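What follows is calculated from the coordinates using simple rules that are stated; it is not laboratory data. Just so you know, these numbers come straight off a predicted model, no measurement behind them. For neighbour counting, all protein chains shown are included, and Cβ atoms are generated from backbone atoms with ideal geometry for every residue, glycine included.
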Amino acid sequence: MKGTEMTAGTTFDPLAADPASITALRIIEAMLDGTGTSGVSEIAARINLPKARVHRHLAQLRAAGYVQHDPKTRRYELGWRLSLLGNRIASQASAVIVAKPRMEELRNEVNQTIVFSQISETSVVVMDVLPGNSPMDILFHPGTTFGFNAAAQGKIALAFGSQELLSAWEQLELELRTPQTIIDRARLDEEIAEARRRGWASAPEETYLGVNAIAAPVRDSKGALVGTLAIIGSVHYLPDPPEQAVIEALLTASARLSADFGFEQSGDAGTYSTEIEEP
């Protein structure tokens, strides 16, 4: 069954519902359509809302640092917080651009779905997906999230992430997605230690029944975790344990992608075992 697709979340019409958060975003979008600064009347006309309502939202956005106000001209422009947010968005987008060629190389080698993910404070976030050439492709939409304990990418995050990430994870509730999801912290600690030793993690049927994933870390010039590179497939085509050649392909691709981000291997540090241990 070609193109089997896993999706998450629901959809709605934001303009029909028009909650306060969407109104605030529409105001920011209207300001971006302007010439640099905007008056309340101009913004209200662009999004067809009463001036009083727009003014109320602008006051809230100003208090939070998302817009700033010039009392002399009575006009608004984007604030410092939006500038920082824009820089973060651009940084993530550039990471996806850098990852794409290595994802394509890996996909062509293993013929399975390839996923590049990054790490938030509370979950793994899928950033880009390349469908494979398998008779059954497992696809995720960018923006799909997984708990740290419920995916191979999450185990990599805990194995190679910062101490701050580990401390934050300790306060989170473990996510249960299937009967195979690991929710015992002692067992999960063992899996994390194993992932750190060998440089890759697997999660057979721990995220979705019938689906396996193996993931490896992607690091930057400082050795910090940029994200994870993963191979996703049906357990029929990506069994546990996976074939040795598939593991080596993943580790080679993640090492090359890390090098693209400036990571330099030194000595034996970060040299992983690709041997599959006998049960």
Item to complete: Report the convex hull volume per residue for region 175-259, counting only C-alpha atoms, in Å³.
Response: 97
Discussion item. Taking R0 as 51 Å, what FRET efficiency do you get between THR122 and ARG74 from their Cβ-Cβ distance, rounded to the nearest 0.05?
Written reply: 0.80
Item to complete: Would you mind working out the magnitude of the charge dipole of the chain relative to its Cα centre, with +1 at each Lys and Arg C-beta and -1 at each Asp and Glu C-beta, to the nearest 20 Debye?
Response: 1760
Practice prompt. Taking DSSP loops as anything outside H, G, I, E and B, show the longest stretch in the chain free of GluC sites (Glu not before Pro) there with at most 14 other beta carbons within 10 Å.
Written response: 1-120
Worksheet item: Around ASP128, which amide H atoms from residues at least 5 apart in sequence, or from another chain, sit under 5 Å from its own amide H, with H modelled in the peptide plane?
Response: PHE116
Item to complete: Towards the positive end of the charge dipole of the chain, with charges on Cβ (+1 Lys, Arg; -1 Asp, Glu), say which of THR73, ALA95, THR37 has the farthest Cα.
Response: THR73
Worksheet item: Can you pull the Kirkwood radius for region 14-127, inverse mean 1/r over Cα pairs, to one decimal in Å?
Response: 16.7
Response to the item:
The residues TRP80, TRP169, TRP200, sorted from fewest to most surrounding Cβ atoms within 10 Å, come out as TRP80, TRP169, TRP200
Discussion item. Test of understanding: ordering TYR76, TYR66, TYR237 by Cβ neighbours within 10 Å, fewest first, what list do you get?
Written reply: TYR237, TYR66, TYR76
Item to complete: Show the residues, 5+ positions off or on another chain, whose built amide H is closer than 5 Å to the amide H of PHE263.
Response: SER221
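Under unit Cβ charges (Lys, Arg +1; Asp, Glu -1), what dipole magnitude, rounded to 20 debye, does region 14-78 have relative to its Cα centre? Let's see the in-between values first.
On the way: 9 positive and 6 negative charges, 55 e Å.
Magnitude of the dipole: close to 260 debye.
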Worksheet, complete the sentence: Counting only residues 5 or more apart in sequence or on a different chain, those whose built amide H sits under 5 Å from that of ILE182 are none
Item to complete: Hydropathy first: keep DSSP H helices in the chain averaging at least -1.0 on Kyte-Doolittle, then drop any whose Cα extent along the axis falls short of 20 Å, and list what survives.
Response: 80-110, 244-260
Fill in: Burial ordering of PHE146, PHE263, fewest other beta-carbon atoms within 10 Å first
PHE263, PHE146
Worksheet entry | Estimated 222 nm signal from helices in the chain, with DSSP H stretches of n ≥ 4 weighted -39500 (n - 2.57), rounded to 500 | -13500 deg cm²/dmol
Worksheet item: Between region 113-133 and region 203-237, what's the alpha-carbon centroid distance in Å?
Response: 8
Fill in: Additional length obtainable on full extension of the chain from VAL96 to GLU194, 0.36 nm per residue less Cα span
32.5 nm
Discussion item. Show log10 I(q)/I(0) for region 21-67 at q = 0.17, 0.30 Å⁻¹, two decimals, from a solvent-free Debye sum over equal Cα scatterers.
Written reply: -0.39, -1.28
Fill in: Net charge, HIS69 excluded, C-beta distance under 12 Å - Lys, Arg +1, Asp, Glu -1
+2
Fill in: Counting all C-alpha pairs of region 107-160, share separated by more than 12 Å (%)
64
Worksheet entry | At 1.002 mPa s and 20 °C, Stokes D of the chain from Kirkwood alpha-carbon radius, µm² per second | 102
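Please count, across the chain, the pairs of lysine residues with Cα atoms under 28 Å apart that sit 8 or more places apart or on different chains.
Here the count comes out as 5.
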